[in-house]
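The values are calculated or read from the model by the stated rules, or taken from the named source; none is laboratory data. What you see is a predicted model, and the numbers here were worked out from it, not measured in a lab. All Cβ positions, even for glycine, are placed from backbone atoms using ideal geometry, and neighbour counts span all protein chains on display. SASA here: full protein model, heavy atoms, side chains in, ligands and nucleic acids out. Shrake-Rupley method; radii C 1.70, N 1.55, O 1.52, S 1.80 Å.
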Amino acid sequence: MNNALRHPVLLVFVVLLALTGLWHLIGAPIGLITQIAIYTLYGAGVCMLVSYTGLVPFGASVFFGCASYAVAYITLRGAPNEIVALLFCVAFSLVLAAVIALIILRRRGLYFSLLTLAFSQIAFEIAYKWTDVTGGENGLQGVPRRLFTNPWSFHAFTIVTVCLGIGLLWRIAHSPFGRSLQALRDNEQRAQSLGYDTFRLKFVSFVIMGGIVGYAGGLLAFMLQGAYADNLSWQHAGDALLMAVLGGVHHFLGPLWGAIAFILLEDRLSAITESWWLIFAPIVILFALASPEGMQGLVFRLMRRNDWTLTRKDIPPRPATIEPYRSAGTKLDPTKPILTVTGLSKRFGSLVVATDLNLQVYPYKLHSFIGPNGAGKTTFFNMLTGLLKPNAGSIVFDGHNITNLPVHRRIRLGLSRSFQILSVFPNLTAFENVRVAIQAQDRRSWGLWRDAYDYEDFNARTWSLLAAVGLEDRAADSCANLGHGQRRLLEIAISLATDAKLLLLDEPLAGLAEADRQVVGSLIRKLADTHAVLLIEHDIDRVLALSDRITVLHQGRLIADGNPAEVGSNPDVVTAYLGAERIIPPPAPTEADRAAHAASKPILVVEQLRAGYAGSVVLEDLSLIVHEGEAVPLVGRNGVGKNTTLRAITCTVRSASGRIMLDGAEITNAKPYEINQKGISLVPEGRRLFPNLTVLDNLRLATRPGGASLDDVYTLFPKLKVLQRSKAESLSGGERQMLAIARALVVPAKLILLDEPFEGLAPTIVKEVMDALAQLRGRVAMVIVEHHAETVLPLVDRAYVLVNGRVAFEGTAKTLQDDPDLQARLLGVVQKEAA
C-alpha cells in the first residue's frame with residue numbers, strides 16, 4: 001500500500017490536482033496549470049534520451065513545434081475532433097523522429113546535440129517563411145476544440161492524458177528495453193560487447209521521445225488554439241532540457257518540478273519586464289552551482305541522500321535456495337578449431353602492435369595467451385571482438401568469417417569477453433549488471449511493457465551467477481559502492497551471462513585477493529569443460545597450472561605455442577615474459593630503518609573512522625597511524641574496506657564520524673583538491689591518466705614547486721623518458737602504472753596512497769615498480785592497498801589487515817609474513833606446498 005501511494009505517476013496526478021485546486025481558489029486562469037502539465041510531459045519525453053539513454057538533444061523542440069503545426073493544420077482542414085488530430089500528430093512525430101534519427105544518430109556527444117538544434121532551426125525557418133502553409137509570423141490561428149470547448153474540460157483531459165503518458169514512460173523505464181537503455185547510458189562499449197545493437201537501442205529511444213514530445217506539442221496547439229513558430233526558435237529549443245536539469249535530470253519527477261518552476265517564474269517575471277530572462281538566467285545559474293542534481297537533488301542532499309530515482313530501488317526477492325551456476329554448454333566438435341586467426345596484423349601509424357599472428361583455439365580447452373605488458377594482447381582481443389579493425393589477416397569463428405562484422409553480431413555468434421580495465425555499469429545495482437547481460441541476446445530484451453523483473457528465468461540465472469562469484473549478499477548495492485575486487489568479480493559474472501561458445505577473459509584475476517583468485521581460477525577451469533576459453537593473465541604460476549595450451553606474444557609477434565611444460569621451460573619465454581630470473585623482491589627495511597620510522601612523528605592519524613555509501617556502513621571505528629617515511633600496506637579480502645579507507649582519506653567518500661589528521665591538522669571531510677594541496681597524493685586504481693595527453697604533459701599538468709623534478713622521475717622510471725612524447729592512451733599497462741606513480745611524485749607530497757599498484761602487471765614490470773617503491777621508502781610515507789600480501793609485505797615496515805571495516809591485525813610486516821596460520825585466518829590465503 002505504501003509503495004502504491006509513493007508511485008511517481010500518482011504523485012504527478014496529486015501535484016497537478018493540488019495546483020488546479022489552488023488556482024481555482026485564487027480565481028486565476030487555469031491555462032497556466034494546463035501549460036505546466038503539458039511541459040511536464042515535454043520534459044519527461046526529453047529525459048527519455050538524457051536520463052536513460054545518455055543522449056542530450058539541444059533541439060527536441062523540433063518535435064514539439066512541428067507537432068503543434070501538424071495538429072493545427074489537420075484540425076483546420078476538417079479533422080473531426082481533438083483525439084483524431086492528436087493521434088495524427090503522434091504518428092507524424094514518430095515518422096519525423098525516425099527520419100531524423102537515421103541521419104544524426106551516427107554522431108555522438110556535442111555533434112549529436114548540435115544536429116538536433118540544427119533541425120529545430122531549419123524547422124523554424126520553414127515555419128516562419130512558408131506563409132501559405134504555416135501562416136508565417138502570424139502562425140495558424142483559430143484552431144477549434146470540438147470536444148473540449150471550455151478551458152476546464154480541456155484541462156481535465158490534459159491532466160489525465162499527461163499522467164497516462166508519464167505512466168507509459170515509467171513502464172518503459174522498468175521494461176527490458178528501458179533497462180537496456182540504462183546499461184547503454186552507463187557504458188556503451190560494454191553493452192555492445194554483450195550483444196546489444198546500440199544503434200537500434202538509440203534509434204527506438206529517439207523515436208519514443210519524438211512521439212511523447214509530439215503529443216505534448218499537439219496539446220499545446222489545442223491549449224493556445226493555434227500554432228506558432230516561436231516554439232521552434234533557438235531561444236526556446238532548450239526549454240525542455242532546462243526544465244529537466246532544473247528539476248533534477250537523475251530523478252523521474254525532475255521534469256515536474258522543473259516545469260512548475262520554469263512556467264511560474266516565466267509568468268511572474270514576464271509580468272515585471274519584457275527582459276525577464278535577464279532575471280531568470282542568474283537564478284538558474286545560481287541554482288545549478290548550488291545543486292547540480294536539481295531541485296529534487298537539493299532536497300535529497302538535505303535528507304543526506306545522493307541516490308537517483310529514475311527507477312524503483314527494489315530487486316527481485318532472493319530465493320530461499322539459489323540454484324548452483326551451471327553453464328548451458330555448447331555442442332562443438334572438439335577436433336575442429338572454434339577460432340582460427342590467420343595473418344592478423346595491426347599498426348597505429350608507424351607503431352606496429354601485431355604482425356602476422358596465426359592462432360587456433362579449440363573447444364573444451366583452456367588456452368592462455370600471455371606476454372609482457374605492451375606485447376599487444378588486449379589489442380588482439382579488441383581485433384577479435386571488433387573494437388579494432390585489423391590492417392591485414394582474417395578471423396574465422398565457428399565457420400563464419402567475422403573479420404568485418406560489427407561487435408554485436410560477433411557476440412551473437414557466440415563470443416563473450418571481459419576487459420583488462422574494469423568495464424561494468426556503474427550506476428546499476430550488482431543484480432541489474434548481471435541481469436541486463438543475461439537478457440542481451442534474448443528477443444524479450446526489446447519488450448516495452450512487461451516489467452523486466454517479472455521474467456523468473458532471468459532472475460534465477462542472475463542469482464546463480466552472483467552466487468558463483470560470491471556477490472549474492474551485495475546484489476542490491478549500486479556497482480559504484482562495491483570495492484574494486486568485487487567489481488572485478490561482478491565483471492566475470494557479466495562475462496559468463498551470455499553462455500558463449502568462446503570466452504575471452506582479459507586478466508580476470510587482476511585485483512582479486514588470493515582466496516577469490518582460487519575460487520575464480522577453479523571456476524575458469526570448469527568453464528573450459530563446456531566452452532572454449534582464451535585467457536590473458538599475468539599470474540604465470542596459475543596460468544601454468546590451469547592451462548591446456550599456452551601461446552606467448554612478445555612485441556607483437558608469437559614466440560611460443562604449446563603445452564604448459566614446453567612453454568614454461570622455453571628460454572625465450574623466460575627472458576621475454578619473466579625476465580632473466582624470477583622476481584627477487586628488493587631488500588626489506590632493516591630493523592634500524594623500522595625503528596627510525598616508528599620513532600618519527602606521525603604524518604597520518606585516523607581515529608575511529610566511520611564511513612560508507614548510500615546509508616551502508618563500510619568502515620566501523622577504523623584507526624591507524626602512519627609515520628614519516630614509513631611504508632604501510634592495507635591488506636585483506638575483497639570488500640573489507642581497503643578502497644573505502646583511501647577514499648575517506650582523500651575525502652571522495654564522506655566520513656560519518658571519527659577524524660583524520662595530516663601532520664597534526666584535521667582534514668576530515670575537506671574538499672578533495674584541498675587534500676592534495678595539503679600533501680596527500682593518490683595513485684588511483686585504473687591509473688586514471690589523461691589519455692590524449694603525452695607522458696610529459698601528464699607530468700607537467702601535475703607538477704608543483706616542491707615536488708620531484710622530471711629528472712628525478714626519469715631516474716626512477718627511465719622508460720618514461722623514452723616515452724615522454726607518447727600519448728598516455730598508447731602506453732601499456734605497466735607504463736601507465738609508472739606514469740601514475742610519477743605523477744604522484746611531482747606533487748609536493750608528505751604521503752602517497754597507492755591503490756593496487758601491481759594490478760595487471762607482468763612480473764618484470766612488478767619488479768620495476770617494487771624497486772621504485774623501495775627507493776621511495778624513507779623519503780615519503782606510503783599507504784599501499786594491495787590484494788597480494790606476499791608481494792607487498794617484503795617492502796613495508798608495518799602492516800594493517802582489515803576485516804569487515806575494522807583493523808583485525810596491526811604489527812610488523814615480518815610477523816604477518818612469517819605466520820601462515822594468521823594469513824589463512826585473516827586473508828584467506830592457503831599456503832602452497834613447496835614443489
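Observations on the model:
- Listed by chain and number, the lysines placed with their C-alpha closer than 18 angstrom to that of residue 389 are 346, 377; residues fewer than eight positions away on the same chain are left out.
- When the charge dipole of region 691-835 is built from unit charges on Cβ atoms (+1 for Lys and Arg, -1 for Asp and Glu) and taken about the Cα centre, the candidate among 715, 761, 785 whose Cα reaches farthest toward its positive end is 715.
- Under a model in which nothing but the beta-carbon of Lys, Arg (+1) and Asp, Glu (-1) is charged, region 310-460 shows a dipole of about 340 debye around its Cα centre.
- Accessible heavy-atom area order of 491, 188, 137, highest first, probe of 1.4 Å: 137, 188, 491
- Simple rule: put +1 on each Lys or Arg Cβ and -1 on each Asp or Glu Cβ in region 17-146, find the dipole, and look at 105, 42, 91; the Cα lying farthest toward the positive end is 105.
- Packing, as the average of other Cβ atoms within 10 Å across residues, places the peptides 664-674, 149-159 in the order 149-159, 664-674, highest first.
- Relative contact order %, region 666-738, counting alpha carbon pairs below 8 Å whose residues are six or more apart: 39 percent
- Over 25 Å (Cα to Cα) - which of 642/719; 721/814; 331/526; 671/727 fall in this group: 642/719; 721/814; 671/727
- Our summary gives region 559-704 a relative contact order of 18 percent, counting only alpha carbon pairs under 8 angstrom and 6 or more residues apart.
- D_trans [Stokes-Einstein, Kirkwood Rh over alpha-carbon pairs] for the chain, 4 °C, 1.567 mPa s, µm² s⁻¹: 44 µm²/s
- Inter-part distance where region 747-809 and region 588-651 are each reduced to a Cα centre, Å: 12 Å
- As a length-normalised measure over Cα pairs under 8 Å and 6 or more apart, the relative contact order of the chain settles at 12 percent.
- Selected from 773, 696, 157, residue furthest toward positive end of dipole (the chain; charges at beta carbon): 157
- For region 615-666, pairs of C-alpha atoms spaced more than 16 angstrom apart make up 45 percent of the total.
- Linear extension gain, residue 704 paired with residue 91, 0.36 nm per residue minus alpha-carbon span: 214.7 nm
- Charge tally in the Cβ shell below 11 Å around residue 688, where Lys, Arg are +1 and Asp, Glu are -1, residue 688 excluded: +1
- On Cα atoms only, tilt of 514-527 relative to the major axis of the chain in degrees: 70 degrees
- Once divided by 2.2 N^0.38 Å, the Cα radius of gyration of region 434-521 becomes 1.14.
- From helices alone, the chain scores -14500 deg cm²/dmol at 222 nm; the rule is -39500 (n - 2.57) for each run of n ≥ 4 DSSP H residues, then divide by the residue total.
- For q = 0.09, 0.10, 0.12 Å⁻¹, Debye-computed log10 I/I(0) when each Cα of region 1-147 counts as one equal scatterer: -0.39, -0.48, -0.68
- Gyration tensor (alpha-carbon) shape descriptor, region 293-333, a/c threshold 1.5: prolate
- DSSP beta bridges in the chain [antiparallel fraction, %, rounded to 5]: 60 percent
- Under the convention that each Lys and Arg Cβ holds +1 and each Asp and Glu Cβ holds -1, the size of the dipole of the chain around its Cα centre is about 1280 debye.
- With all protein chains in place and a 1.4 Å probe, the accessible surface of the chain carries 57 percent carbon and sulfur.
- Solvent-accessible heavy-atom area per residue, rounded to whole Å², over the chain at 1.4 Å: 41 Å²
- Between the Cα long axis of helix 733-745 and the first principal axis of the chain there is an angle of about 90°, rounded to the nearest 10.
- Reciprocal mean inverse distance between Cα atoms of region 356-428 - Kirkwood radius, Å: 13.8 Å
- Anisotropy class of region 118-236 from Cα gyration tensor, a/c 1.5 cut: oblate
- Within region 106-208: Cβ-based charge dipole about Cα centre, in debye rounded to nearest 20 (Lys, Arg +1; Asp, Glu -1): 360 debye
- Other residues with beta-carbon under 11 Å from the beta-carbon of residue 353 carry, at +1 per Lys or Arg and -1 per Asp or Glu, a net charge of +4.
- For region 233-323: rounded, prolate or oblate by the Cα gyration tensor [a/c cutoff 1.5]: prolate
- From the Kirkwood radius over Cα pairs of region 465-607, Stokes-Einstein at 25 °C and 0.890 mPa s returns a whole-number translational diffusion coefficient of 134 µm²/s.
- Radius ratio Rg over Rh of region 650-736, counting only Cα atoms, Kirkwood formula for Rh: 1.05
- Using θ = phi - 60° in the Karplus curve 6.51 cos²θ - 1.76 cosθ + 1.60, the 3J(HN,Hα) couplings for region 659-673 round to 8, 10, 10, 10, 6, x, 10, 6, 10, 3, 6, 6, 6, x, 5 Hz; x is entered for Gly and Pro.
- Label separation (residue 326 vs residue 106): 4.8 nm, computed from points 7 Å beyond Cα along the C-beta direction.
- Proximal charge balance of residue 561 [Cβ under 15 Å; K/R count +1, D/E count -1]: 0
- Considering region 724-780 at the alpha-carbon level, its Rg and Dmax are found to be 11.7, 33 Å.
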